[in-house]
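This report refers to the structure that appears directly beneath it.
Read-outs: derived from the displayed coordinates by stated rules, not from any lab. All values reported here derive from a predicted model rather than from experimental measurement. Note that each Cβ is placed from the backbone with ideal geometry, even for glycine, and that neighbours are counted across all protein chains shown.
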């Protein structure tokens with residue numbers, strides 16, 4: 001019985017001989033493998049070798065006889081796509097959206113709900129070229145898994161980074177994702193709780209302490225999860241943006257204050273066995289403890305005569321309590337962290353503190369400097385996603401350039417997909 005369907009692509013590098021070792025490991029482990037090779041790749045390793053390893057013919061032409069629609073059929077057939085080795089030329093073409101051969105055309109037909117691995121192999125100068133680095137960042141932002149390279153002797157005789165990752169490690173990365181997808185597929189649909197929007201702490205009958213959160217990020221995540229057939233509960237602030245799509249598979253519940261949200265989280269997580277919680281709500285750090293001063297004497301609305309003193313009390317961090325509330329001891333927790341124009345080291349330290357304190361499985365980090373004014377759908381809203389199973393070894397696994405790509409990335413994480421460390 002097949003363990004999965006893998007479309008394995010090779011481009012023109014001397015590292016093709018190492019890619020053959022990956023192919024051999026995949027086939028021996030029970031995966032079905034189809035090969036797509038560029039003309040340059042076939043100059044390094046012959047069709048006979050590739051067909052001998054897989055037992056299948058090699059695809060190399062866009063317009064091969066009886067294979068005119070292979071760029072569509074192969075993309076649909078595959079569960080996982082691998083580009084190994086990936087040259088600088090192929091990486092830059094994919095990022096630019098060029099489709100002038102079979103491999104680049106296959107990428108244009110790629111379903112981004114399926115994992116796509118890129119294993120770079122090239123001279124270190126080519127790897128560090130600004131065009132290549134920009135292309136790698138672009139592809140990573142689209143959800144492509146960029147495998148790291150190794151350092152050592154290169155084919156040109158120089159010493160540096162750019163060597164293809166060890167075949168056994170490439171195989172392990174592919175197999176890990178395949179196994180997670182298979183295990184998760186048997187569990188679908190999953191039950192998920194998403195929080196969204198900002199709390200509002202009343203000062204009097206007409207004033208409140210609140211924040212600028214629209215709830216659009218959490219709403220978009222809930223929509224995306226519901227579209228994939230998951231059972232979603234959206235716990236949103238009363239004035240947050242509401243989902244407009246996939247409403248049939250989405251249950252909504254609202255809150256206003258910190259206490260409302262705390263009570264709702266405890267009720268939901270203790271009464272229903274959720275598989276995951278995405279805690280994207282912007283929760284107030286403080287509530288009103290007392291109000292004093294001449295203007296505070298009037299009930300219902302503070303009078304604007306004289307000074308008024310508000311005494312605030314800190315609220316506990318709800319993210320710390322999610323696992324304690326939950327019926328499911330294995331619940332997956334995705335936390336969110338917002339910083340304000342912090343330096344890179346300060347941002348990472350803020351993420352690290354949250355990882356140590358709350359022990360979530362993943363953290364989504366935004367900085368206000370990377371969010372465009374207006375917070376409109378499709379605008380830049382860069383998010384960095386960290387795996388935090390070991391808080392002392394934070395691993396940035398993906399970067400999403402807008403809310404739509406973030407929702408897609410987080411849905412993949414729910415299915416059990418993880419992302420390789422970026423090179």
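Given a cut-off of under 8 Å on Cα pairs at least six residues apart, what relative contact order in percent is computed for region 189-245?
46 percent
The length gained on full extension between residue 191 and residue 404, counted as 0.36 nm times the residue separation minus their Cα-Cα distance, comes to 74.6 nm. The listed peptides 84-91, 136-143, ordered by packing as a protection proxy, come out as 84-91, 136-143 (highest mean of other Cβ atoms within 10 Å first).
Run the numbers on region 5-185 and let me know its relative contact order in percent, using alpha-carbon pairs under 8 Å that are six or more apart.
23 percent
Using the Cβ-Cβ distance between residue 137 and residue 342 with R0 = 22 Å, the FRET efficiency computed as 1/(1 + (r/R0)^6) comes to roughly 0.60. Rounded to the nearest 5, what % of the DSSP beta bridges within the chain are antiparallel ones? In the chain, DSSP labels about 35 percent of beta bridges as antiparallel.
Our estimate of slack between residue 61 and residue 43, defined as 0.36 nm per intervening residue step minus the Cα-Cα distance, is 5.0 nm. Within the listed set 331, 397, 302, the residue fluctuating most in the Gaussian network model of the chain (springs between alpha-carbon atoms under 10 angstrom) is 302. Highest average first, the peptides 221-228, 92-99 ordered by how many other beta carbon atoms sit within 10 Å of their residues are 221-228, 92-99.
A full extension of the chain between residue 109 and residue 292 corresponds to an added length of 59.4 nm, given 0.36 nm per residue minus the alpha carbon distance. Ordering 11, 195, 149 by the number of other Cβ atoms within 10 Å of each residue's own Cβ, fewest first, gives 149, 11, 195.
When 173, 393 are ordered from fewest to most other Cβ atoms inside 10 Å of their Cβ, what list results?
393, 173
Beta bridges from DSSP with both residues in region 5-185: antiparallel share about 20 percent, rounded to the nearest 5. Panel order for 22, 351, by other beta carbons found within 10 Å of each beta carbon, from fewest to most: 351, 22. With the Cα gyration tensor of region 5-185 giving a ≥ b ≥ c as the square roots of its eigenvalues, does the rule (a/c under 1.5 for rounded; else a/b larger than b/c for prolate; else oblate) give rounded, prolate or oblate? Because its axes are fairly even, with a/c under 1.5, region 5-185 counts as rounded. Only helices enter this figure: runs of n ≥ 4 DSSP H residues, each worth -39500 (n - 2.57), summed and divided by the residues of the chain, yield -10000 deg cm²/dmol at 222 nm to the nearest 500. Residues considered: 232, 356, 45. Largest GNM mean-square fluctuation over the chain, using C-alpha springs under 10 Å, is found at 356. For the chain, relative contact order (Cα pairs under 8 Å, six or more residues apart, normalised by length) works out to 12 percent.
The P(r) of the chain has a tail past 32 Å containing 44 percent of all C-alpha pairs.
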